[in-house]
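A short worksheet on the structure shown next.
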Amino acid sequence: MEDAIVRAAEAGGRGGAATVAPLAHTFRFFKRELEAHLVKEEEMLFPLVRQIEEAAKLAGERPRLAFGSIAHPINLLREDHQAEQRQLQRMLKMTENYSGPAEIATIYRSIAEQLRALEADMRVHVYLEDEILFPRARSLENGL
Ligand SMILES: [Fe+2]
Ligand SMILES: [Fe+2]
């Protein structure tokens, strides 16, 4: 998708570059945030969830977490989800109803299509975590 955004900027020349710049900026920001989010999950939250599940299975003690309850990292990740979804909506708005130069419009249609696919994947990601994994981890923790 980044390639398509670069192509759109090139196709539009100077005028086009000005139109494309906010999209490119939002996309780079989104990508960086999402990558950082995935690292936070893999390296911070998921190991904690595993610890809590192990403790629950063994009817053991509540793991001592540096920041208290698992609710804290969960809330941070939920905020990430909301921010990422807002950025996707912003990019969809920029690309879906674009009425600028035809060359850019064609590229934007393909970007919009990819954004919609990404948005659908993101919705599944957020649903599985916000609605299933996170509540389950919290209730396991509460039971310890
Ligand atoms: Fe995830
Ligand atoms: Fe997530």
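Net charge near Lys31: determine it from the other residues with C-beta under 11 Å of the C-beta of Lys31, scoring Lys and Arg +1 and Asp and Glu -1. Surrounding charge for Lys31 is -2.
Charged side chains reduced to their Cβ positions (Lys and Arg at +1, Asp and Glu at -1) give region 2-142 a dipole of some 300 debye around its Cα centre.
Two decimals is fine: what's Rg over Rh for region 59-144, C-alpha atoms, Kirkwood radius as Rh?
Numbers: Rg = 19.1 Å, Rh = 15.5 Å.
Taking Rh as the inverse mean 1/r over Cα pairs, Rg/Rh reads 1.24.
Kindly put Tyr108, Tyr98 in sequence by how many other C-beta atoms sit within 10 Å of each C-beta, fewest to most.
On the way: Tyr108 25, Tyr98 19.
Going from least to most buried by this count: Tyr98, Tyr108.
Calculate how steeply helix 46-57 sits against the longest principal axis of the alpha-carbon atoms of the chain, using the helix alpha-carbon long axis, and give the answer as 0 to 90 degrees to the nearest 10. Rounded to the nearest ten degrees, it is 30.
Summing +1 for each Lys or Arg and -1 for each Asp or Glu among the other residues whose beta-carbon sits under 13 angstrom from that of Pro63 gives 0.
Rounded to the nearest 500, what is the 222 nm mean residue ellipticity of the chain from helices alone, with -39500 (n - 2.57) per DSSP H run of 4+ residues and division by all residues? Could the numbers behind the result be given before it?
Working: 6 runs with 110 residues, N = 144.
Dividing the helical sum by the residues of the chain leaves -26000 deg cm²/dmol.
Mean projection of the Cα convex hull over all viewing directions, computed for region 64-108: 4.0 nm².
Given the alpha-carbon gyration tensor of the chain, what are the semi-axes of its equivalent ellipsoid in whole angstrom, ordered largest first, with each equal to the square root of 5 times an eigenvalue? Walk me through the numbers on the way to the answer.
Working: eigenvalues 346, 33, 20 Å².
Semi-axis lengths for the chain are 42, 13, 10 Å.
For region 1-92, GluC sites (Glu not before Pro) are listed when DSSP marks them as loop and at most 10 other Cβ atoms sit within 10 Å of their Cβ; the list is Glu61. Computed from Cα atoms, the angle from the helix 71-96 axis to the main principal axis of the chain rounds to 20 degrees.
Values in this text are rule-based calculations from the coordinates and carry no lab data. Source: prediction; values computed, not measured. Cβ: placed from backbone, ideal geometry, glycine included. Neighbour counts: every protein chain shown.
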